[in-house]
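**Q** Quick one: the structure is below, questions incoming.
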Amino acid sequence: MSAQRVELGEFLKARRARVAPEDVGLPGGGRRRTPGLRREELAQLAGVGVTWYTWLEQGRPINASGQVLDAVASTLRLTPVEREHLYRLAEATPMRLPRMTDCASEAVFEEIVDGLDPLPAVITNTRFDIVRANRAYHDLFHDWHQLPCIHQNLLWCIVTEPTAREQLLNYDTEVPYLVGRLRSAYGEHVGDPDWETDLARLRSICPEFEQLWSRHEVSACTSRHRRINNPRAGELNLIVTELAVSAHPDLVLFVETPADAETRAKLPLTRRETANQSA
C-alpha cells in the first residue's frame, strides 16, 4: 500500500466516525464498538458495495471514480476543502468542486483588478468565463463586440466575434494557445455538465474551434505577446501574464502590460472616456 492510500483510509475512517447514525436518518442508540457510522451503513447510504468501500478504507489500490467518491463525500457530509482532499488522495477527478472558497469574496476580486488599472486585467476561471474585469480591460476590447456579449467568456469573444480576427493581429497563434489551455484544464472537468454543455455549443457554432479541439493539443501556461490593432490607439504590443489564484485553483488573473515604450505611450488612447472627452 502506498502512503497516499494509507492516508486516504485513515481520512475516511476519521470522517465516518464523525457522522452519528441519527444525523443521516438511522436509528441511534444501542451498543457500538466505534463512534459514528459502520462501514456497511455508509456503503448502503452512498449506494456502493460494502466490500468495495472496505477495500477503499484499507488502502487497497482500487479504482475510485469521481461519481462514486462524490456519493461517499455527500454521505460523510464533507466540506468543500475535505472533498478536494478526498479526491486528491484517491487520485480521481471530482464530478464538481465549488469555484469559490471563503478565502476571498468577489468584492475582493473587484478591488484587486480595479487596483491594477490602467493595466487591463481580468479574472477568469479555467474555462475562460469572465469573473471580474477592470475598466481598462473593457475599454481595450470594447470594439470587439459587434454582437451582444451574452457569453462573458474570453475565448468565445475571440472565436465568435467578427472583428476579433481583424484586431487580434496574432490571432493564428493566440487562439490555438487558448484552446490548448482549455484542453489542459478540461482534464480535471471531464463529465462536468457545465463544461460539456459549453464545449458542445462552441463546437457546433464554430468550425474553427471544433477543428482545433479535435487535435487534442494541450498548452502550458506561458507569458506571451499579444498584438492588437485598436481603432483609437493603433497597433499595440502587449505582454500577457497569467497569475494563478492559489486559494481558487479554478481561477486565473490575466494582466496585459506594454511590451515597449511606444505601446506604453499609446495605451491611454484606448480609454473610451478620454476619447469621448477629446471628441
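The values are calculated or read from the model by the stated rules, or taken from the named source; none is laboratory data. Just so we're clear, the structure is a prediction, and the values are computed from it rather than from any experiment. Note that we place each Cβ from the backbone using ideal geometry, even for glycine, and neighbour counts take in every protein chain shown.
**Q** Among the residues of region 158-202, how many are among the β-branched types (Val, Ile, Thr), closer than 30 Å to Ala90 by Cβ and either more than 18 Å from the chain's Cα centre (by Cα) or buried (at least 19 other Cβ atoms within 10 Å of the Cβ) (or both)?
**A** Initially, region 158-202 is screened for residues among the β-branched types (Val, Ile, Thr), giving 158-160, 163, 173, 175, 179, 190, 197.
Of the ones still in play, those that are also closer than 30 Å to Ala90 by Cβ are 179, 190, 197.
The next check asks that each one be either more than 18 Å from the chain's Cα centre (by Cα) or buried (at least 19 other Cβ atoms within 10 Å of the Cβ) (or both); those that pass are 179.
Of the residues in region 158-202, 1 are among the β-branched types (Val, Ile, Thr), closer than 30 Å to Ala90 by Cβ and either more than 18 Å from the chain's Cα centre (by Cα) or buried (at least 19 other Cβ atoms within 10 Å of the Cβ) (or both).
**Q** Out of all the residues in region 244-264, which are surrounded by fewer than 18 Cβ atoms within 10 Å (Cβ to Cβ), in contact with a strand residue (DSSP E or B) (Cβ under 8 Å, 6 or more places away or on another chain) and not in a strand (DSSP E or B)?
**A** Val245, Ala259, Asp260, Glu262, Arg264
**Q** Being at pLDDT 85 or above and either assigned by TED's automatic domain parsing to the domain that holds Gly187 or surrounded by fewer than 16 Cβ atoms within 10 Å (Cβ to Cβ) (or both) is the requirement here; does Gly25 meet it?
**A** Numbers: at pLDDT 85 or above: no; either assigned by TED's automatic domain parsing to the domain that holds Gly187 or surrounded by fewer than 16 Cβ atoms within 10 Å (Cβ to Cβ) (or both): yes.
Here the answer is no, as Gly25 does not meet what is asked.
**Q** Still on this structure, I have one more. Taking only pairs six or more apart or across chains, which ones have beta-carbon atoms under 6 Å, a first residue in region 39-55 that is in the same structural domain as Val72 (by TED's automatic domain parsing) and free of Cβ contacts under 8 Å to residues at least 12 places away in the same chain, and a second residue that is in a loop (DSSP other than H, G, I, E, B) and of a type outside the set (Asp, Glu)?
**A** Listed pairs, sorted by first residue: Trp55/Ile62.
**Q** Check Ile228 against each of (1) in contact (Cβ under 8 Å) with a residue 24 or more places away in the chain; (2) surrounded by fewer than 18 Cβ atoms within 10 Å (Cβ to Cβ); (3) part of a strand (DSSP E or B); (4) of a type outside the set (Asp, Glu) and name the one condition it does not meet.
**A** Unmet condition: (2).
**Q** Among the numbered conditions (1) over 22 Å from Val190 (Cβ atoms); (2) of a type in the set (S, T, N, Q); (3) at pLDDT below 85, tell me where Thr51 comes up short.
**A** (3)
**Q** Further question: In this structure, does Leu119 turn out to be at pLDDT 90 or above and either at positive phi or not in a helix (DSSP H, G or I) (or both)? Working first, answer last.
**A** Working: at pLDDT 90 or above: yes; either at positive phi or not in a helix (DSSP H, G or I) (or both): yes.
Spelling it out, Leu119 is indeed at pLDDT 90 or above and either at positive phi or not in a helix (DSSP H, G or I) (or both).
**Q** Mind listing whichever residues of region 150-175 are part of a helix (DSSP H, G or I), among the polar types (S, T, N, Q) and closer than 17 Å to Thr241 by Cα?
**A** If the condition is that a residue be part of a helix (DSSP H, G or I), among the polar types (S, T, N, Q) and closer than 17 Å to Thr241 by Cα, then Thr173 is the only one that fits.
**Q** Does Thr241 count as β-branched (Val, Ile, Thr), surrounded by fewer than 18 Cβ atoms within 10 Å (Cβ to Cβ) and closer than 17 Å to Asn153 by Cα?
**A** When the stated conditions are applied, Thr241 does not pass them.
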